1. With all distinct Cα pairs included, what does the Kirkwood hydrodynamic radius of the chain come out to in Å, to one decimal, could you say?
2. Magnitude of the Cβ-charge dipole of the chain, K/R +1 and D/E -1, about the Cα centre, nearest 20 debye?
3. With r as the distance between the Cβ atoms of ALA49 and PHE69 and R0 = 35 Å, compute the FRET efficiency 1/(1 + (r/R0)^6) and round to 0.05.
4. By how many nm would the segment from HIS22 to ASP5 grow when fully extended, if each residue of separation counts as 0.36 nm and the alpha-carbon distance is taken off?
5. Pick from LEU12, LEU53, LEU39: which is most flexible by mean-square fluctuation in a GNM of the chain where alpha carbon atoms under 10 Å apart are linked?
6. Enter the accessible area of HIS25 (Å², nearest 10), with the probe set to 1.4 Å and all protein chains included.
Amino acid sequence: MLRLDGGELLPLLFPEFMQHSHMAHSVPATVVSAGRVSLEAGKLIADGASSSLNVASREEDSGIIQAYFDGQNVIQQEL
């Protein structure tokens with residue numbers, strides 16, 4: 001999960017063979033959380049952590065990512 005300059009949260013999903021640190025350095029944003037996303041019983045679940053960034057996923061990440069796939073396509077503001 002990235003935080004853009006305006007404070008908006010933006011999920012960045014990519015294949016497992018890519019390292020979190022490589023992706024983080026390729027975008028002009030702040031890393032808020034990182035891990036993996038899986039599909040369980042029809043719901044997207046964000047969990048785990050990134051060893052290359054030393055950052056874990058957050059409980060609210062699943063809902064933010066799910067909102068994008070549900071067609072809401074709105075950038076979330078962090079509270």
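1. Details: mean 1/r = 0.0781 Å⁻¹.
Every distinct Cα pair counted, the radius reaches 12.8 Å.
2. Numbers: 4 positive and 10 negative charges, 32 e Å.
Dipole size: approximately 160 debye.
3. Working: r = 22 Å, r/R0 = 0.63.
Computed FRET efficiency for PHE69 and ALA49: 0.95.
4. Details: separation 17, 0.36 × 17 = 6.12 nm, distance 1.96 nm.
The span from HIS22 to ASP5 would gain 4.2 nm if fully extended.
5. Fluctuation is largest for LEU39.
6. 150
The values are calculated or read from the model by the stated rules, or taken from the named source; none is laboratory data. Computed from a prediction, not measured in an experiment: that's the story for all the values here. Heads up, the Cβs are rebuilt from the backbone with ideal geometry, glycines too, and the neighbour counts pull from every protein chain shown. To get the accessible areas, we keep the full protein, side chains included, count just its heavy atoms, and leave off ligands, DNA and RNA. Shrake-Rupley method; radii C 1.70, N 1.55, O 1.52, S 1.80 Å.
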